[in-house]
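The values are calculated or read from the model by the stated rules, or taken from the named source; none is laboratory data. A quick note: this is a predicted structure, and the numbers were derived from the prediction, not measured. Here the Cβ is made from the backbone with ideal geometry for all residues, glycine too, and neighbour counts use every protein chain on show.
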Amino acid sequence: KRLDDNLMYLRDALPEYSTFDFDMQPVHYEITGDVPVSQLKVKMKPKPWSKRWERPKFNIRGIRFDLCLTPEMMEHAQKWAEPWRPYDMLKEYDTSRLEEQIFKE
């Protein structure tokens, strides 16, 4: 088990993080116990990546961004956070009547 539920970023990580030995021995845990979470953070291949994993919308905790991005790049990525989205009332506003009026004109 990893820190993140969505592991798509492993496509852009170094191959050592997405492979395993076929001769591994099984590790047995108690049935009632929780599966331990791996705290391992992966190192990424050089950019370009398939997605902009550094952006806050992905909420990725399993990547070591300090190794592949400068502080300026991380600061720029934080500008995409959009913290107002959960409170945006106009996003839920019904604009169908306004659209009808505009199309009639």
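Scanning the range 1-50 for residues that are assigned to a strand (DSSP E or B) and touching a Phe, Trp or Tyr at 6+ places or on another chain (Cβ under 7 Å) turns up just one, 42.
Results for (1) out of contact with any Cys (no Cβ under 6 Å at 6 or more places or on another chain); (2) without any contact (Cβ under 8 Å) to a residue 60 or more places away in the chain; (3) loosely packed, with under 12 Cβ neighbours inside 10 Å; (4) within 20 Å of residue 61 (Cα to Cα), shown as yes or no for each residue.
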position	(1), (2), (3), (4)
5	yes, yes, yes, yes
9	yes, yes, no, yes
26	yes, yes, yes, no
32	yes, yes, yes, no
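Only residues that are surrounded by fewer than 10 Cβ atoms within 10 Å (Cβ to Cβ) and among the β-branched types (Val, Ile, Thr) were counted in the range 38-69, giving 0. Annotation note: of 79, 47, the sole residue that is touching a Cys at 6+ places or on another chain (Cβ under 9 Å) and modelled with pLDDT under 95 is 47.
Of the residues making up the range 70-105, just one is loosely packed, with under 10 Cβ neighbours inside 10 Å, under 20 Å from the mean Cα position of the chain (by Cα) and among the aromatic types (Phe, Trp, Tyr), namely 84.
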